[in-house]
Amino acid sequence: MKAVRQRIFGLHEDLAAVVIGLGIVLLALAVTWQARPASDAGSRERHPKGWPTPLAATVGTPGAWAEAPLDAFRDKQGNLGVGPIALGMGWMVAIVVAGAALGRRSVRACLPGAILLAGLACLAYVLSGQKVIKYYNLEYPLWALAVGLFVGNAVGVPRWLAPALAGEFLIKTGLVIFGAEVLVSRLLALGLPGLMTAWIVTPVVLVATYLFGVHVMRIPSRALCMTLSADMSVCGVSAAIATGAACRAKKEELSLAIGLSLFFTVIMMVAMPPVIRWMGLDPILGGAWIGGTIDATGAVVAAGESLGKQAGEVAATVKMIQNSMIGLIAFAVAVYWAGWVERDPAGPRGTLAGEAWRRFPRFILGFLAASLVCSWLHALGPEQALWVDGATTGFTVKLRGWLFCTGFVCMGLQTSFRELAPYLASGRPVVLYLAGQTLNLVLTLAVASLTFGWLFQKAVEP
Amino acid sequence: MTLWSDRLAALRLVAGAAIMSAVWCGLLPRLLSFAPVARHVRLMEERGVDPAAMYYTELERLPLPPPWLADRVVLWP
């Protein structure tokens, strides 16, 4: 009996993240299937964001507000109600506790800390919901980090909170759940021009920026170079989280990459539309340029829409194609890290594959499994596509938001300003970001001009 | 000494909370009435755009391939 308990419990953090993450994805799919609509189940017009799922009522996040923070807790009808938000916090606490149980840590010791973490994550959501903050793309991870940094550095981490600080576990679990949103079929959404714009430029910029940081700028941390390159070339915060976890970036490196990405995203979101108009570019070409270069998805849509509806559609779709590359890129980074970067030349000799497998972050397999299963289901037909869309947009998106938000609060709590200072003082990460983004801007404009403006000329003709 | 450091921590917490309240409840709401900011927020709300979306699944409308594009794309001019 003891041996059985030993096998079941005491799971490695990665495996616990995979078990809980895949369990939540399966639960979302099962409940959404059970509640499938009786009629028009395959109609995208009827269900633009997929089938409605009953689980949507069990998780909510604070909304947008202008003057009174209490408005963040109002529903769309204007009624004050904290039910779904409290349930979202409840899910988060349950996942922290489940992680502790699977990892053979004391559940009782974790519980008070998990409740406080959920409260701090809620505060971060409220701060990010203020309309100026929200509509200028200063996303919740920034405020979660800020809240954690402030509390950790100004007040300190109380001893009773320490057992609940499982930031990496929460982010890994969030990433496994996030896998359900990374659909391979989205890669082909814009046909050849979109594929060329996203697929040629993104890997080239990613690899060139990483090599530039490591070999030319001689930044000591390869993980920082990779995380910065990925968040700048792929899709901002979500790519930074996925690749940062795949290459085991330190928490202060991930914090820095996210801060830089959000800072430059705001500038580019405001500056690119007038620059495109001033250059006299066709809006569709401009939309493709915006979609390929601005880091954050929401900021891409905001900048694209200010050029016009069609530009907004092209920008959003190009960004969605880049979004869908996260799975492949995180997998490739994890393989490269395990097989080459972390390989000890003086260590015992084994096959490359064997050594890579030993160091490979297992949670990436859960992320890929969720992505491949949901991609396969999504490709089966219109009904299955709406099933997957409903399960993700109605439930898992918000739940993984809570997990990421709380994970970043934990990271902030465990980060000292003193650890961050050397990265900021050297200024080299900022130079690397700027160098990579310049290459990204030039290359994306060249390829978008080639594909949308010349090879596929009809796309920009009325 | 412990009492002193506890008081200092409490003071920092109160000061931080006061600054946060002043910025989020005073400065930022005032910034919303600044014309360019107000215009940007209004435009985004009218078009149902959430610029804070981290991933395409968080957008108000899922981006779908624009139907008009297929008719206008050719492999060669």
For this session: List the helices (runs of 4 or more DSSP H) that sit entirely inside the stretch A:112-200 and contain at least 1 residues that are closer than 22 Å to A:A68 by Cβ and of a type outside the set (G, A, S).
Result: A:131-135, A:140-150
Exercise. Quick one: what pairs do we get from the stretch A:197-209, first residue in contact (Cβ under 8 Å) with a residue 12 or more places away in the chain and under 18 Å from A:G287 (Cβ atoms), second in a helix (DSSP H, G or I) and basic (K, R), C-beta under 9 Å, 6+ apart or different chains?
Worked result: A:A198/A:K319
Seminar exercise, completed: Selection from the stretch A:96-111 of residues closer than 20 Å to A:M411 by Cβ and not small (G, A, S) yields A:V96, A:V97, A:R105, A:C110
Problem set entry | Some residue of the stretch A:291-301 being within 10 Å of chain B (Cβ to nearest Cβ), under 15 Å from the mean Cα position of the chain (by Cα) and over 19 Å from A:L206 (Cβ atoms) | yes
For this session: Working only within the stretch A:195-219, note down all residues that are buried (at least 18 other Cβ atoms within 10 Å of the Cβ) and among the β-branched types (V, I, T).
Result: A:T197, A:V201, A:T202, A:V205, A:T209, A:V214, A:I219
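The rows are residues; the columns are (1) crowded, with 24+ Cβ neighbours inside 10 Å; (2) at pLDDT below 90; (3) closer than 18 Å to A:E253 by Cβ.
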position	(1), (2), (3)
A:A370	yes, no, no
A:L377	no, no, no
A:R400	yes, no, no
A:V409	yes, no, yes
A:L432	yes, no, yes
A:T444	yes, no, no
A:V460	no, yes, no
Exercise. Is there a residue in the stretch A:330-337 that is in a loop (DSSP other than H, G, I, E, B) and either within 28 Å of A:G191 (Cβ to Cβ) or not assigned by TED's automatic domain parsing to the domain that holds A:E139 (or both)?
Worked result: no
For this session: State all residues of the stretch A:220-279 that are crowded, with 24+ Cβ neighbours inside 10 Å and touching a Cys at 6+ places or on another chain (Cβ under 6 Å); if no residue qualifies, say none.
Result: A:M226
Seminar exercise, completed: Of the candidates A:G60, A:G50, the one satisfying the condition of being in contact (Cβ under 8 Å) with a residue 60 or more places away in the chain, under 30 Å from A:S39 (Cβ atoms) and touching a Lys or Arg at 6+ places or on another chain (Cβ under 8 Å) is A:G60
Exercise. A:V176: within 30 Å of B:R47 (Cα to Cα), touching a Leu at 6+ places or on another chain (Cβ under 8 Å), crowded, with 18+ Cβ neighbours inside 10 Å and away from chain B (no Cβ under 12 Å), yes or no?
Worked result: no
Exercise. Taking the stretch A:117-144, which residues are facing chain B (nearest Cβ under 8 Å) and either more than 17 Å from B:P51 (Cα to Cα) or of a type outside the set (S, T, Y) (or both)?
Worked result: A:L127, A:Q130, A:K131, A:V132, A:I133, A:K134, A:N137, A:L138, A:E139, A:P141
Exercise. Which condition number does A:I219 fail, the rest of (1) more than 29 Å from A:A435 (Cβ to Cβ); (2) assigned by TED's automatic domain parsing to the domain that holds A:W337 being met?
Worked result: (1)
Exercise. Before we move on, is A:L256 in contact with a Phe, Trp or Tyr (Cβ under 6 Å, 6 or more places away or on another chain), in a helix (DSSP H, G or I) and either more than 30 Å from A:G381 (Cα to Cα) or not polar (S, T, N, Q) (or both)?
Worked result: yes
For this session: Test A:W143 against the criterion of being among the aromatic types (F, W, Y) and closer than 21 Å to A:I85 by Cβ, and give yes or no.
Result: yes
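The values are calculated or read from the model by the stated rules, or taken from the named source; none is laboratory data. All of these numbers come straight from a predicted model, not from anything done at the bench. Glycine also receives a Cβ, built like all others from the backbone with ideal geometry; neighbour counts cover every protein chain displayed.
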